[in-house]
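Below is one structure, written out as structure tokens; comments come after it.
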Amino acid sequence: MKLARTAKALTAITFMASSAAHAGLLGDEVQARWVNAPYFDQTSVFVVNQGIELNGNWGVDSNLDVGDNYIEATLPTSIGIGSGPNWHFFSLDYGGITGVEISTNFEGWNDSWLSFTADSIDVTFFGEVRFPRGQGRIRFSLLPSVTSVPEPASGISLACGLAALFVVMRRRLRPSMQSSDRNTPTSWTTTQREAMAI
């Protein structure tokens, strides 16, 4: 019975720790900017929800889908992007972006064109990219900060190991303490101490 209550408590703690460890984008207000100087400079502000946020009205007839942990642009009408445009994604409240994984079918794409901070991603096309007409796709998967919450299983394992070590050490020390207690009087008089010291 006591073990079952402990297991339920540990499950609740694990769930709370794992849900607190991840701050996703769903429900957040995000800014997306497409700059292609001198032709246009468009900034869109929207709340992230399920599905495509900007359908055909981001940049040049492009779609922008922002999910809980990714940003995906699809270009359904073009065959490429020339050198020069910049994409900026701001206000990404994700608990601190520590990395970005890129998945794309852009021929000529270079990962060094992307940079990021804890709450933003910037892409500068320093070269031309090509893709099959209407099938251009690039996804930026966000990697969150993992140092904010330790893994619950590791803490539990450490606590169990220390408890086991304590029990083993206590058992080893207890017999030696009991044997020395039998030979030692519980109270000493001054003359007995002096006699033992001689």
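The values are calculated or read from the model by the stated rules, or taken from the named source; none is laboratory data. Note that the coordinates shown come from a computational prediction; the quantities given were computed from them, not determined experimentally. Every residue, glycine among them, receives a Cβ derived from its backbone with ideal geometry; neighbour counts consider all protein chains shown.
Scan the range 92-112 residue by residue and report those that are farther than 22 Å from residue 132 by Cβ and either in contact with a strand residue (DSSP E or B) (Cβ under 9 Å, 6 or more places away or on another chain) or at pLDDT below 90 (or both). Explain how you work it out, then say what you get.
First, the residues of the range 92-112 that are farther than 22 Å from residue 132 by Cβ: 92-101, 112.
Those that are farther than 22 Å from residue 132 by Cβ and either in contact with a strand residue (DSSP E or B) (Cβ under 9 Å, 6 or more places away or on another chain) or at pLDDT below 90 (or both): 92, 93, 94, 95, 96, 97, 98, 99, 100, 101.
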Checklist line | Leading residue by the ranking (nearest to residue 66 (Cα to Cα)) among those in the range 113-158 that are at pLDDT below 80 and hydrophobic (A, V, I, L, M, F, W, C) | finding: 146
Margin query: Of all residues being modelled with pLDDT under 90 and hydrophobic (A, V, I, L, M, F, W, C) in the range 56-74, which is surrounded by the most Cβ atoms within 10 Å (Cβ to Cβ)? Just the residue, please.
Written below: 58
Margin query: Can you report the number of residues in the range 25-55 which are assigned to a loop (DSSP other than H, G, I, E, B) and surrounded by fewer than 16 Cβ atoms within 10 Å (Cβ to Cβ)?
Written below: 9
Notebook entry, point to check: What is the number of the single condition among (1) assigned to a strand (DSSP E or B); (2) within 16 Å of residue 135 (Cα to Cα); (3) of a type in the set (Phe, Trp, Tyr) that residue 89 does not meet?
Noted result: (2)
Note to self: Can you tell me which condition residue 108 does not meet? The list is (1) within 22 Å of the chain's Cα centre (by Cα); (2) surrounded by 13 or more Cβ atoms within 10 Å (Cβ to Cβ); (3) over 20 Å from residue 33 (Cβ atoms), and all the others hold.
What the structure shows: (1)
